[in-house]
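Below is one structure, written out as structure tokens, with a few remarks after it.
The values are calculated or read from the model by the stated rules, or taken from the named source; none is laboratory data. In this text, all values refer to a predicted model and were calculated from it rather than measured experimentally. FYI the Cβ positions are ideal-geometry reconstructions off the backbone, even for glycines, and counts take in every protein chain you see. Heavy atoms of the whole protein, side chains included, go into the accessibility calculation; ligands, DNA and RNA do not. Shrake-Rupley method; radii C 1.70, N 1.55, O 1.52, S 1.80 Å.
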Amino acid sequence: MTKRVHVETRINGREVDFLCEPGQSLLEVLRDQLHLTGAKEGCNNGNCGACTVILDGRIVDSCLVLAPEVEGREVTTIEGLAGPEHLHPLQQQFLEHAALQCGICTPGLIMAAKGLLDQNPAPTEEEIRLWLAGNLCRCTGYDKIIRAVQAAAQQMEARV
Amino acid sequence: MVTTTRPSEKTTHKVIGTRPIRPDGVDKVTGRAIYGADVTLPGLLIGKVLRSPFAHARIRNIDTGAAERLPGVRAVITAADLPDPDKGMADVGEASATYRDLSHNVMARDKALYQGHAVAAVAAESASIAEQALALITVDYEPLPPVLDLVEAMKDDAPLLHEDLRTNELGTLSDKPSNIAAHARFLKGDPAAGFAEADVIVERTYTTTMVHQGYIEPHASTAYWNADGKITIWTTTQAPFAIRDNVAVLLNVPVSRVKVIPTEIGGGFGGKLPPYVEPLAAVLSRKSGAPVKMTMSRTEELQASGPTSGSRTHVKIGAKRDGTIVAVEASLAYEAGAFPGSSVRFGSLCMFAPYDIPNMQLDSYDVVVNKPKVAAYRAPGSPAAMFASESALDELAERLGMDPIELRLKNSAKVGTRMANNIPFQHPVGNVKVLEAIRESDHWRSPLPESTETRKIGRGLAMGFWPNAPLKSSCFATVNPDGSVTLVEGNPDIGGTRASLAMQLAETLGIPYEKVIPQVADTETVGYNDATGGSRTTFTGGIAVYELGQDIKQQLIERARILWQLNPEDAIVYEDGTIRGPKEGQQLSFDQLAAQLFKTGGPVVGRASVSPKHVGFAFGCHVVDLAVDIETGKVEILRYTAAQDVGKAVHPSYVEGQIQGGVAQGIGWALNEEYVYDEQGRLVNASFLDYRMPTSLDLPMIETILVEEPHPPHPFGVRGVGEVPIVPPLAAVANAISHALGHRFTDLPISPRRIIETLYP
Ligand code: FES
Ligand code: FES
């Protein structure tokens, strides 16, 4: 059996450590070991974005990140977005705008959109479309997703 | 006596037509919702499938010994571990299959019939051990010539996929083996006489390739075969009851031994109707004594789940100079994949359904080829057929110098018009209204941008039709002391149906939407429900919750009678959530009565089981503006508007979403998506990188126009809305490109490569 490696990291603001095989992806560890199944697997090769998480402030496809690479770093997953009694504006606006049908792409899209709004609080439609082009949604045709991101940007702007 | 307001007499609804947040929403935006692959159990094993590298090969021998000896491997199976069922017909949605074919598709027996066909499976303590075990299985194949092309497959001397397959030739079984499983025909009037009257005839052949539903969540199932013989299956499916029934037959156990627990489902579009890994996981669990989870990779999905047919359709339309269509002829051949049962007959039924045409002959051929067995895909059969018919109509309009909307209006079907299958439109349909809606739209009235030297602009229009399927729904509900109602239904919620059913029940009972708490139950908790498919969940489920609401109202009236100590003949009225007795001021709100149920005989539980004999037919008309870059061949969608007759939009946002999603899939089908096989029958683009589905960057906002021509027999006038929007985009896009470039494109996809090869031959 392959020797497993010990990894210490921060996930959603908490210290976490785990053992994994050197070739295991972050997505596999999140889902199968840490039971953070909000990140989804749609392709396992970086083409659908369903597994998007934020690593040190940048969005990544967690299926393309080796789990040992997160040693000493900071991971945010969809599970780390909402507070106990409130949703993140993106989550709220996805609901208000019916921006999900089956919902399997939703965690990845919300994380990707968060990555955008964190660095560009007022993106144009074109900027949103370009940024989200790595996240496939097969149900919605993206229309309501774009609108939800725009509305969330406005909601967050209003709060500041 | 119970008196309720008849919904059709009601001009305003309180709940229907509003846009509340879906009940499962918070779980789905926080990552808490449990989808197929999220299921886990103590002692869980991981199952993996060994798949054929050959498109067509005899399996001489399978040696699983080395795999079985690998530490950590707990079970290995082949087709020898599955019973071989008979040829009864299985329920797999709008495509069809015999149980035997279903079984042989789930696991190859004797012959592998497409690349990716399952030949063995293992269960192991980890995914990596399972992968290693697959590599240790040796299969002795005798490769056979693959049959990959529709025209070749139909030839008399083509290699045969099934030595025992005989053509069902217009109802009689022919005596010679063939790859043509069936030839069917719809005939109306006298086409030859019709064509003799025609001033103009348009005639062309159109082709499409296999495409995939492309749901983002791969198939994922977990099965546990307990020591008492009870099989529990957690699976992502559109059809928990059909999966239960199919698995029972495939494993030769009574249905009472199989329990299917549907998880949340990450898209299906028809592709999650048939069983794939469920029976394999169950058998691996029986052999290992532990629960087994199996998920398909994206490559496995593309190679070996159920895409939709590639097709070849010949169309001939004859019309008078004034635009009156006098006759049509069509011949459609669809790839069924490795086993018979494509939706080609649905295609031939749909293709001219919006029109009143006196003479028609529509021939359809169901053809097996060495590609995966097709499954249903959103309005199955209709998109490819209407790509052909609506393209030909566009050309006819051009030849006649007529506006494409006027041509369609002139020939439109009306109440009483019979479809190709001789079934008349009994109730009002929206085909004329959607055409008028597009004619009056801002989009249609707006001028096109100017073409430039390298950027050619075109506008295209097309209609779509899909009959929808009512099928069976059942449900029950309990009134809680706080005035809430727990609704238990049986349709996996693929796009907001918990909301649309809760809304229709709330409307029926006259209570707020938030008071209805819907649950999607497993196959042992609720009565039989057909699939989430056929655009039926909001339609038939709506009828069911309406009937359920009547049952609850009746029971509440009797409880009020007890409270008020009234006689059976005293009139009690239930209206808008208030129960009124005959005396002045004698009334109780729903909540007040709900709080007193325990002293009047215990909880109130309502139920309904429905199987409607009618269905609301669905029509759409779409228009698209696009730009073709003649240097790169890239097509940019500039503007898109879709009008659809939705009957009554229960939750308009989700209705719009269905239309927008269908349009996106249709645009992908028209422009980029295709199965590309090499000569050996190997799929060369089996990943999301190479199987190109539309991204957010490929599409504009999609404008929707909801036309509401109520379907009278439905309590709220609802029509199914989910499927028809995928139909018009294929021809609308092709027509627009044809106008932009002055050349008719008859083969999909109209990819950059095809455009460049056409422009610069
Ligand atoms: S699963 Fe990671 S990009 Fe698709
Ligand atoms: S909502 Fe289903 S894939 Fe996006």
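Values computed for the structure shown
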{"read-out": "Tail weight of P(r) past 16 Å, computed on alpha-carbon pairs of segment A:5-80, percent", "value": "39 percent"}
{"read-out": "Contour excess over end-to-end distance, with Cα ends at B:D322 and B:T600 and 0.36 nm allotted per residue", "value": "93.0 nm"}
{"read-out": "Interface burial for B against A (accessible surface, 1.4 Å probe, total of both chains, Å², rounded to 100)", "value": "4000 Å²"}
{"read-out": "Environment charge of B:A57, counting only residues whose C-beta is closer than 11 Å and scoring Lys/Arg +1, Asp/Glu -1", "value": "0"}
{"read-out": "Inter-label distance for B:E514 and A:A133, nm, one decimal - labels placed 7 Å from Cα along Cα-to-Cβ", "value": "4.2 nm"}
{"read-out": "Distance histogram in 5 Å bins (all Cα pairs of segment A:89-159, percent per bin)", "value": "3, 20, 34, 28, 12, 3, 0"}
{"read-out": "Entries of B:K230/B:K272; A:K40/B:K515; B:K433/B:K472; B:K320/B:K414; B:K48/B:K373 with Cα pairs more than 25 Å apart", "value": "A:K40/B:K515; B:K433/B:K472"}
{"read-out": "Per residue solvent-accessible surface (Å²) - segment B:345-456, probe of 1.4 Å", "value": "35 Å²"}
{"read-out": "Å² of accessible area per residue within segment B:473-610, as computed with a 1.4 Å probe and no ligands counted", "value": "36 Å²"}
{"read-out": "B:I705 long-range amide H proximity, modeled H, under 5 Å", "value": "B:A642, B:A643, B:Q644"}
{"read-out": "Phi-based couplings in Hz for segment B:342-357 (Karplus 6.51, -1.76, 1.60; Gly and Pro marked x)", "value": "8, 9, 4, 5, 4, x, 5, 5, 6, 4, 10, 4, x, 10, 9, 10"}
{"read-out": "B:W444 accessible area, 1.4 Å probe, all protein chains in place, Å² to nearest 10", "value": "50 Å²"}
{"read-out": "Sparse-neighbourhood loop sites, trypsin sites (Lys or Arg not before Pro) in segment B:296-347 - DSSP loop, at most 15 other Cβ within 10 angstrom", "value": "B:K320, B:R321"}
{"read-out": "Signed unit charges on C-beta, dipole axis of chain B, positive-most listed residue B:N370, B:L487, B:S412", "value": "B:L487"}
{"read-out": "Counting DSSP beta bridges with both ends in chain A, the antiparallel % (nearest 5)", "value": "90 percent"}
{"read-out": "In nm, spacing of pseudo-spin labels at A:H86 and A:N45 (7 Å Cα→C-beta vector)", "value": "4.3 nm"}
{"read-out": "The protein assembly as shown shape via C-alpha gyration tensor axes, a/c threshold 1.5", "value": "rounded"}
{"read-out": "Along principal axes, Cα extents of segment B:146-426, largest first, whole Å", "value": "73, 42, 33"}
{"read-out": "Shielded by partner chains, segment B:626-658 residues - at least 40 Å² of accessible area, 1.4 Å probe, vs chain alone", "value": "B:Y654"}
{"read-out": "The protein assembly as shown: antiparallel DSSP beta bridges as a percent of all, rounded to 5", "value": "75 percent"}
{"read-out": "Inter-chain Cβ neighbour average for residues B:212-223, partner chain, 10 Å", "value": "4"}
{"read-out": "Chain B: relative contact order in percent, alpha carbon pairs under 8 Å with at least 6 residues between", "value": "16 percent"}
{"read-out": "Mean residue ellipticity (222 nm) of chain B, computed from DSSP H runs ≥ 4 via -39,500 (n - 2.57), nearest 500", "value": "-8000 deg cm²/dmol"}
{"read-out": "Where N is the number of residues in segment B:159-252, Cα Rg divided by 2.2 N^0.38 Å", "value": "1.86"}
{"read-out": "Difference of contour (0.36 nm per residue) and Cα-Cα distance, B:S256 to B:E131", "value": "41.6 nm"}
{"read-out": "Average partner coverage of B:660-668, which counts Cβ from other chains inside 10 Å", "value": "4"}
{"read-out": "Amide H within-cut-off set for B:L50, under 5 Å, with H built and near neighbours excluded", "value": "B:V119, B:A120, B:A121, B:V122"}
{"read-out": "Rg and Dmax of segment B:635-690, Cα atoms only, in Å", "value": "16.4, 50"}
{"read-out": "Karplus-derived 3J(HN,Hα), 6.51/-1.76/1.60, for each residue of segment B:604-620, Hz, glycine and proline x", "value": "9, 10, x, 8, 7, 9, 10, 8, x, 9, 10, 8, x, 5, 10, 10, x"}
{"read-out": "Diffusion coefficient, µm² s⁻¹, Stokes-Einstein with Kirkwood Rh over alpha-carbon pairs of segment B:466-538 at 10 °C and 1.306 mPa s", "value": "125 µm²/s"}
{"read-out": "FRET efficiency for B:L170 and B:D678, using Cβ-Cβ distance with R0 set to 56 Å, rounded to 0.05", "value": "0.95"}
{"read-out": "Lys, Arg +1 and Asp, Glu -1 on Cβ, resulting dipole of the protein assembly as shown about Cα centre, debye, nearest 20", "value": "1320 debye"}
{"read-out": "Pairwise FRET efficiency - B:K613 versus B:Y528, Cβ, R0 = 22 Å, nearest 0.05", "value": "0.80"}
{"read-out": "Carbon + sulfur, % of accessible area of the protein assembly as shown - ligands and nucleic acids excluded, 1.4 Å", "value": "50 percent"}
{"read-out": "Cα-only Debye scattering, segment B:376-438: base-10 log of I(q)/I(0) at q = 0.21 Å⁻¹", "value": "-1.08"}
{"read-out": "Residues with amide H under 5 Å from that of B:S412, placed H, sequence gap 5 or more", "value": "B:D356"}
{"read-out": "Shielding score for B:681-692, defined as the mean number of other chain Cβ atoms within 10 Å", "value": "2"}
{"read-out": "5 Å-binned pair-distance histogram of segment B:408-528 (Cα, whole percent)", "value": "2, 8, 12, 12, 9, 9, 12, 12, 10, 7, 4, 2, 1, 0, 0"}
{"read-out": "Over chain B: Kirkwood hydrodynamic radius from C-alpha pairwise inverse distances, Å", "value": "27.4 Å"}
{"read-out": "DSSP-assigned coil residues among trypsin sites (Lys or Arg not before Pro) in segment B:512-602, each with at most 10 further Cβ atoms within 10 Å", "value": "B:K583"}
{"read-out": "Column: log10 I(q)/I(0), Debye, Cα scatterers of segment B:633-761, q = 0.10, 0.21 Å⁻¹", "value": "-0.41, -1.18"}
{"read-out": "Per residue value of the accessible surface for segment A:5-80 (all protein chains in place, 1.4 Å probe), Å²", "value": "42 Å²"}
{"read-out": "Residue list for segment B:449-479, given a label point 7 angstrom along the Cα-to-Cβ vector of B:H743 and an amide N cut-off under 16 Å", "value": "B:454-458"}
{"read-out": "Highest average packing first - B:51-58, A:79-86, Cβ atoms within 10 Å", "value": "B:51-58, A:79-86"}
{"read-out": "Hull-based mean projected area of segment B:19-120, where the convex hull spans the alpha carbons, in square nanometres", "value": "11.1 nm²"}
{"read-out": "When the convex hull of its Cα atoms is projected in every direction, mean area for chain A (nm²)", "value": "9.4 nm²"}
{"read-out": "Delta accessible area of at least 40 Å² on complex formation, residues of segment A:101-125, 1.4 Å probe, chain isolated as reference", "value": "A:Q101, A:C102, A:I104"}
{"read-out": "Complex-versus-alone comparison for segment B:26-63, residues with a loss of 40 Å² or more in accessible area, probe 1.4 Å", "value": "B:K28, B:V29, B:T30, B:G31, B:Y35, B:D38"}
